[in-house]
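Reading through the structure tokens given below for one structure.
The values are calculated or read from the model by the stated rules, or taken from the named source; none is laboratory data. Values in this document were obtained by computation on a predicted structure and should not be read as measured data. Note that we place each Cβ from the backbone using ideal geometry, even for glycine, and neighbour counts take in every protein chain shown.
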Amino acid sequence: MISKREQLCRIAKVEFSKIISHTTTIGVKLRIFLIDNSFIDVWLSEKIKGRFGFQWERRHIDQRFYRYDNYPDPQWQKIPTYPYHFHNGSQKNVDVSPFSQNITEGFRDFMNFVKDKMF
């Protein structure tokens, strides 16, 4: 049986091969390098089942990053999808999550967001 991180890596490589350069593991994170020299970090908690974060790092390109996570940060309690929320371009610009709360489907949704934003 493959781990959830391996499953998400396989989804990225197979379903999003047009935007993926390569992948690597850094500690507990999966890093997905993209063809535009940006990257996505995939973090799945090893201590708390279901806790995750997907971050598209672009600050070195355009000063932006996009993160979908479910960390229960009290400052985002007013977001209707709390604790699920979406950092849309910056740490302070937080929106309702437009992605599935299921980790696998949420990852696919996030990757489709990245693909659509790239092209």
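The C-beta contact set for region 88-110 (first residue farther than 24 Å from Gln75 by Cβ, second residue of a type in the set (Ser, Thr, Tyr) and not in a strand (DSSP E or B), distance under 9 angstrom, 6+ apart or interchain) comprises Phe107/Ser100; Arg108/Ser100. Note on region 57-83: among residues that are touching a Gly at 6+ places or on another chain (Cβ under 8 Å) and within 19 Å of Met111 (Cβ to Cβ), the one that is surrounded by the fewest Cβ atoms within 10 Å (Cβ to Cβ) is Arg64. Filtering Phe54, Phe99 for residues that are among the hydrophobic types (A, V, I, L, M, F, W, C), under 22 Å from Ile2 (Cα atoms) and surrounded by 12 or more Cβ atoms within 10 Å (Cβ to Cβ) leaves a single hit, Phe54. Check region 89-96 and report whether any residue there is touching a helix residue (DSSP H, G or I) at 6+ places or on another chain (Cβ under 8 Å), surrounded by 11 or more Cβ atoms within 10 Å (Cβ to Cβ) and of a type outside the set (Gly, Ala, Ser). Yes. Taking the numbered list (1) farther than 20 Å from Ser3 by Cα; (2) free of Cβ contacts under 8 Å to residues at least 60 places away in the same chain in turn, Asp69 passes all entries but (1). Cβ-Cβ contacts under 9 Å between residues 6 or more apart (or on different chains), taken from a first residue in region 18-35 that is farther than 21 Å from Ile61 by Cα to a second residue that is of a type in the set (A, V, I, L, M), are listed as Val28/Leu44; Lys29/Val42; Lys29/Leu44. Scanning region 35-51 for residues that are out of contact with any strand residue (DSSP E or B) (no Cβ under 6 Å at 6 or more places or on another chain) and either closer than 16 Å to Leu8 by Cβ or surrounded by 10 or more Cβ atoms within 10 Å (Cβ to Cβ) (or both) returns Asp36, Asn37, Ser45, Glu46, Ile48, Lys49, Gly50, Arg51.
Is it the case that region 100-107 has a residue that's within 25 Å of Ile35 (Cβ to Cβ), touching a Leu at 6+ places or on another chain (Cβ under 6 Å), of a type outside the set (A, V, I, L, M) and modelled with pLDDT of 95 or more? Within region 100-107 (the criterion being within 25 Å of Ile35 (Cβ to Cβ), touching a Leu at 6+ places or on another chain (Cβ under 6 Å), of a type outside the set (A, V, I, L, M) and modelled with pLDDT of 95 or more), the answer is yes, since at least one residue qualifies.
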